[in-house]
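The block underneath contains the structure these notes are about, expressed in structure tokens.
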Amino acid sequence: MHQSTSNTTSTASRSVAPSGGAARLAAAVLAALALAACSTTHDSPVAAESGGTRASERTAPPIVVDDPSPLDVPAPPIAPAAPPAPMASMANPAKMFAVSPPANTERYAEVEDNPVQRASEQPVSTFSIDVDTGSYSNVRRMLTDGIRPPADAVRAEEFINYFDYGHPAPADRATPFRVSTEVAAAPWNADRQLLMIGIKGYDIPRDELPPANLVLLVDTSGSMHSPDKLPLLKRAMGMLVRQLRPQDRVSIVAYAGSAGLVLAPTPGDRQGEILAALEQLQAGGSTNGGEGIKLAYAMARQAYIEGGANRVLLATDGDFNVGTVDQNALETLVADQRDSGIALTTLGFGSGNYNDALAERLADLGNGNHAYIDSALEARRVLVESMGSTLLTIASDVKVQVEFNPARVAEYRLVGYENRVLRNEDFANDKVDAGEIGAGHEVTALYEITLVGSPAARLPALRYGAPPVATGDANAKELAHVRLRYKDPGTTHSKLIEAPVLPTAPGTQPGEAMKLAATVAGFADALRGGTRTDGWGWEGILASARTGDRGQRLAPREFIELVEQARMLSGGTVMGPTGESLRN
């Protein structure tokens with residue numbers, strides 16, 4: 001308003017002589033024009049901001065008086081200003097400026113629990129191993145933030161494999177891992193049993209690890225600006241860089257709206273240069289993850305080390321929104337690189353828009369592993385303490401097949417591994433991809449089994465036909481037979497390992513490792529709705545976690561605190577996937 005008035009005054013002053021009645025007339029006209037200008041500015045805020053000339057740029061036409069002689073003309077009366085609008089009709093400032101919290105767009109693949117199988121109908125169960133742990137640390141982040149995780153965010157096998165159970169390691173490196181089994185009563189129902197299968201890979205001292213060719217593929221899009229994303233990512237990658245040796249090579253590729261090379265392949269002992277390149281990364285723009293993946297694989301091929309650990313580490317929230325965004329296309333892009341000898345590890349960061357489904361799937365297809373980094377401590381666990389198992393593969397395409405003896409086992413159920421189940425005929429098919437085991441890795445799988453004659457059978461008795469009767473042959477006493485197939489890295493033909501599973505005496509209690517695995521499995525089931533553990537609610541889980549041998553805790557303090565937090569968030573009630581109360 002002030003600018004319009006000033007412009008009008010200046011123009012009028014140049015056209016009218018300041019004398020006598022003419023001056024009074026000019027003053028009256030100027031007053032009217034000033035009022036009109038103010039009214040126009042106030043009445044048309046939208047017009048002033050949208051198309052056309054803004055009010056502050058408009059000037060009044062010059063006023064010309066033909067007869068400059070004095071005139072005794074009274075000034076016209078000034079119209080009274082309109083009363084202000086009543087306060088009740090004004091918008092509430094709090095509502096006008098309130099900012100809605102960003103929508104939660106986190107994505108998780110749908111998971112449906114493995115069904116109970118009748119051993120007489122389906123005696124064979126086949127699945128790929130899985131060494132991922134991202135589900136546990138991601139759910140930990142949610143519980144710590146006071147958020148009850150969605151059921152599909154909970155993958156039981158990743159909860160179980162987060163913990164170390166001390167499975168026996170192989171005696172030498174002739175066989176990359178050792179298989180062990182244990183059978184004992186299930187803690188949630190003494191009339192059922194648990195079969196634990198443990199796989200332990202041989203470990204390699206850090207100074208004996210083969211040279212590494214690593215490409216750090218860093219998401220620098222605008223969605224990565226928050227402290228739990230790019231800042232934490234740079235800190236995590238810095239921990240890894242400080243472990244590198246002169247024989248290692250590191251490249252850095254960043255992607256936002258487009259992909260770019262930040263650091264060409266650089267020896268691992270030039271850590272200052274590598275850390276400086278990491279530190280300069282800033283978040284901004286959209287997310288062209290597909291273009292970044294292509295460039296990262298190109299750099300990995302350029303610096304490829306024969307016999308070394310060649311790997312792309314993709315660090316992202318997974319929110320790809322430009323370029324190749326279709327998940328199937330991204331999966332094809334990664335799968336096409338699988339036979340190149342370059343593995344893909346995915347490291348998830350952040351919340352609100354985290355695409356867990358994509359990060360986990362890409363790692364599976366890329367012959368790598370998936371972890372979620374929710375803190376500097378988790379970064380140290382994954383990239384420093386478990387550096388060998390994260391970066392070096394000692395066995396690939398590892399598959400497990402369990403054949404149950406229908407004369408001994410009435411029913412069984414595989415706990416977790418829902419997205420790793422294979423067709424039985426794929427076990428011996430070396431063209432079918434499966435999971436990898438890194439140096440020192442442990443893999444643990446649990447089956448809940450119901451023996452023939454147990455009152456705890458879940459499936460109704462068949463009207464026709466009787467269960468098989470045990471014979472007197474050498475295998476009749478076995479509960480099951482475990483087979484594993486694996487390939488040495490870089491080979492195309494698999495090798496076979498076999499081990500029988502013998503029954504234990506009735507009432508045999510689980511050892512410490514098996515009890516911990518069962519407790520963790522029970523926690524995962526409770527978070528998913530608690531439909532599989534026969535009324536073993538929060539109190540039972542907590543009691544088991546707190547009671548180990550010699551009066552010590554069975555589970556780490558952090559685990560117990562997470563169970564307590566989950567119990568509080570659910571009101572002490574295990575909730576079904578649709579929110580209904582299942583039990584106290």
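The values are calculated or read from the model by the stated rules, or taken from the named source; none is laboratory data. These figures come from a predicted structure and were not determined experimentally. All Cβ positions, glycine included, derive from the backbone under ideal geometry; neighbour counts span all protein chains shown. These area figures cover heavy atoms from the full protein model, side chains too; ligands, DNA and RNA do not enter into them. Shrake-Rupley method; radii C 1.70, N 1.55, O 1.52, S 1.80 Å.
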Net dipole in debye of the range 209-391 [+1 Lys, Arg Cβ; -1 Asp, Glu Cβ; about Cα centre; nearest 20]: 520 debye
Order by accessible surface, 1.4 Å probe, largest leading, for residues D219, D164 comes to D164, D219
Can you compute the label reach from K431? Point 7 Å from Cα along the Cβ direction, backbone N cut-off under 19 Å, restricted to the range 379-423. 397-399, 422-423
Once you place label points 7 Å from the Cα toward the Cβ at R557 and A329, how far apart are they in nm? 5.0 nm
Can you send over the solvent-accessible area of V432, 1.4 Å probe, protein chains only, in Å² to the nearest 10? 30 Å²
Over 29 Å (Cα to Cα) - which of K229/K487; K477/K515; K234/K495; K294/K495; K200/K294; K234/K294 fall in this group: K229/K487; K234/K495; K294/K495; K200/K294
Roughly speaking, to the nearest percent, how much of the range 196-314's 1.4 Å accessible area is carbon and sulfur? 49 percent
Net lengthening on full extension, D534/E564 (0.36 nm per residue, minus Cα-Cα): 8.8 nm
Amide H to amide H, which residues 5 or more places from N213 or on other chains are under 5 Å from it, using H placed in the peptide plane? R249, A309, N310, R311
Could you tell me whether the range 246-320 comes out rounded, prolate or oblate from its Cα gyration tensor? Rule is a ≥ b ≥ c as square roots of the eigenvalues, rounded for a/c under 1.5, then prolate if a/b exceeds b/c, otherwise oblate. oblate
Around A109, which amide H atoms from residues at least 5 apart in sequence, or from another chain, sit under 5 Å from its own amide H, with H modelled in the peptide plane? A357
Per-residue accessible area for T393 at 1.4 Å probe radius, Å² rounded to 10? 40 Å²
Give me the net charge of F349's neighbourhood, meaning all other residues with Cβ under 12 Å from the Cβ of F349; Lys, Arg count +1, Asp, Glu -1. -3
Heavy atoms of M568 accessible to a 1.4 Å probe, total area in Å² rounded to 10: 120 Å²
If you stretched the chain out fully between Q280 and A461, how much longer would it get, using 0.36 nm times the residue separation minus the C-alpha to C-alpha distance? 58.5 nm
